[in-house]
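I have placed the structure first, in the form of structure tokens, so that the comments after it can refer back to it.
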Amino acid sequence: MRWKKLLAAAVAFSSLTVAGGVMFEEKVSAEVIEIEQENIMSVMGVAEVFGDGEKISAAIIEYAKDISPKSVSTRDFKVADKRIEAVYVNDEPTLTDKNKTGRFVILKFAYENTAFSGSLENRPRPNNDNPRAGDAPMHSNRQLPDLNFSVQQIGTVRAVDGTKFLPSEKTFASTSTLEPVIDSFQQFIYTDPVSGNSMPYNLRLPKNYNPAKKYPLLFFVADASANINEIKTPLFQGNGATSFAQDKYDCIILAPQYTADLVDKLGMMTTDENIWTDGLELTKNLLFDVIENYAVDKNRIYGTGQSQGGMANIAISDRYPDLFAAQLLVACQWNVDEMSVLRDKNLWIVVCEGDTKAFPGMNAAVANWKNLGARVATNTNFWDSKASIADLNKKIRQIERQRANINYTVFAGGNHMYTWSFAYNISALRDWLFKQNLGRN
């Protein structure tokens with residue numbers, strides 16, 4: 001509800017003075033300042049996908065009048081569980097880093113990685129239905145991200161016409177959410193003509209996609225915690241797919257979704273027995289179908305994934321060693337002997353020291369590749385995952401300059417699931433992947 005009050009009387013003060021027997025009235029005018037409260041018209045959220053999942057990264061507040069950019073600051077607003085690091089004014093409901101007089105106030109929130117980085121040994125499992133010791137639970141308890149939030153104006157905001165919007169104890173709930181990166185993906189269902197099994201998947205085509213051209217393909221598979229029936233889960237559980245959704249890579253992105261229904265029907269896609277499963281067959285057939293039906297450059301097919309997804313990448317590459325130009329393998333492992341065929345492939349492996357499966361598993365694989373004469377580059381000291389992206393990019397480029405085809409980087413501490421909360425943020429890793437080319441005619 002809107003209300004107005006008068007800061008000063010609208011009527012003039014008057015006084016009587018006698019001078020030479022003549023009475024006159026002296027008027028002193030008082031300025032009328034209009035103050036309005038609760039003039040927020042709407043609140044919209046803008047979501048971004050980070051390594052630890054999709055979160056609200058900004059709010060767009062619409063006012064009834066054009067706002068003066070000089071009148072707003074981070075101290076004028078409050079959002080629970082968010083730290084406002086910047087405020088801008090814009091004339092349209094879009095993100096900006098420059099002020100422009102208009103009705104929209106943009107709040108940008110600071111990001112903090114909330115993924116658990118400690119030991120998982122004493123952390124309870126979400127359920128106990130894992131088929132074998134060490135395997136991921138067959139049924140994930142992952143939920144869709146909660147993108148709702150409320151804004152409170154706790155400072156005075158001024159419109160360009162002088163109107164003041166007073167602080168209020170009222171909170172304004174968001175009523176809509178923009179998901180620009182996730183919305184750039186389309187959702188489809190693939191049905192395998194041989195088995196009849198169906199698998200949903202997410203596909204992003206480059207801007208101005210032209211079937212007459214050839215584009216790189218980025219194939220991403222998520223971990224087993226994404227095995228729920230929501231088709232977009234590989235897009236919001238972390239940024240293994242979405243971090244490549246940039247014009248600089250100009251690629252097709254395929255992110256299959258291995259659903260809970262598929263787990264019930266076919267079993268897990270990967271297990272610690274390191275065997276080829278019906279789920280892997282279906283995933284591989286989907287990949288080949290996209291390769292054949294879209295304008296894919298077969299010299300530039302890139303694979304990546306975390307845990308289950310990294311294992312799936314290795315298993316497919318073991319069977320088809322000439323398929324991928326390069327792979328980025330995050331927090332995963334596989335049968336060391338089977339991985340011998342990858343000794344000449346372009347691989348970048350990222351693990352955490354605290355990962356009780358991937359760390360020893362990849363140590364063994366790396367030792368085997370070295371024994372087979374492969375060129376392997378490693379970091380001598382374990383890296384700090386909380387270092388700045390600029391610092392991590394520098395370290396990646398130092399490893400890259402060793403010109404080894406297999407690169408193995410280990411981060412201090414951490415745990416299995418923590419690894420992918422930061423790995424895909426490292427832009428130099430993504431850039432390395434897209435530099436690789438099979439160079440076939």
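Things to note:
- Computed lengthening from ASP91 to ALA173, 0.36 nm per intervening residue step minus Cα-Cα distance: 27.4 nm
- All lysines inside 16 Å of LYS232 as judged from Cα atoms, apart from same-chain residues fewer than 8 positions distant: LYS55
- Proximal charge balance of GLY439 [Cβ under 15 Å; K/R count +1, D/E count -1]: +3
- Carbon/sulfur fraction of accessible area - the chain, other protein chains in place, 1.4 Å, %: 48 percent
- The alpha-carbon of LYS214 sits under 13 angstrom from the alpha-carbons of these aspartates and glutamates, leaving out residues fewer than 8 places away in its chain: ASP250, GLU292, ASP297.
- Cα gyration tensor, the chain - rounded (a/c under 1.5), prolate or oblate: prolate
- The chain: most fluctuating residue of SER385, SER119, SER225 per GNM, C-alpha cutoff 10 Å: SER119
- The overall shape of the stretch 52-116, judged from the alpha-carbon gyration tensor, is prolate: a/c is not under 1.5, and a/b is greater than b/c.
- Over 31 Å (Cα to Cα) - which of LYS265/LYS435; LYS265/LYS357; LYS78/LYS394 fall in this group: LYS265/LYS435; LYS78/LYS394
- Restricting attention to the chain, close to 60% of DSSP beta bridges with both partner residues there are antiparallel.
- Computed from the C-beta positions of LEU120 and ASN363, the FRET efficiency with R₀ = 22 Å rounds to 0.75.
- Under a Gaussian network description of the chain, with springs only between Cα atoms under 10 Å, the residue in PRO211, PRO180, PRO234 that fluctuates furthest is PRO211.
- GNM top mover of ALA241, ALA326, ALA374 - the chain, alpha-carbon springs below 10 Å: ALA374
- Computed lengthening from ALA390 to ASN229, 0.36 nm per intervening residue step minus Cα-Cα distance: 54.2 nm
- Here LYS213 and PHE288 are evaluated by their C-beta separation; at R0 = 25 Å the FRET efficiency comes out at 0.80.
The values are calculated or read from the model by the stated rules, or taken from the named source; none is laboratory data. For clarity, every value in this text was computed on a predicted model and none was experimentally measured. No Cβ is skipped: glycine too gets one built from the backbone with ideal geometry, and neighbour counts run over all protein chains shown. These accessible areas exclude ligands, DNA and RNA; they are computed on the full protein's heavy atoms, side chains included. Shrake-Rupley method; radii C 1.70, N 1.55, O 1.52, S 1.80 Å.
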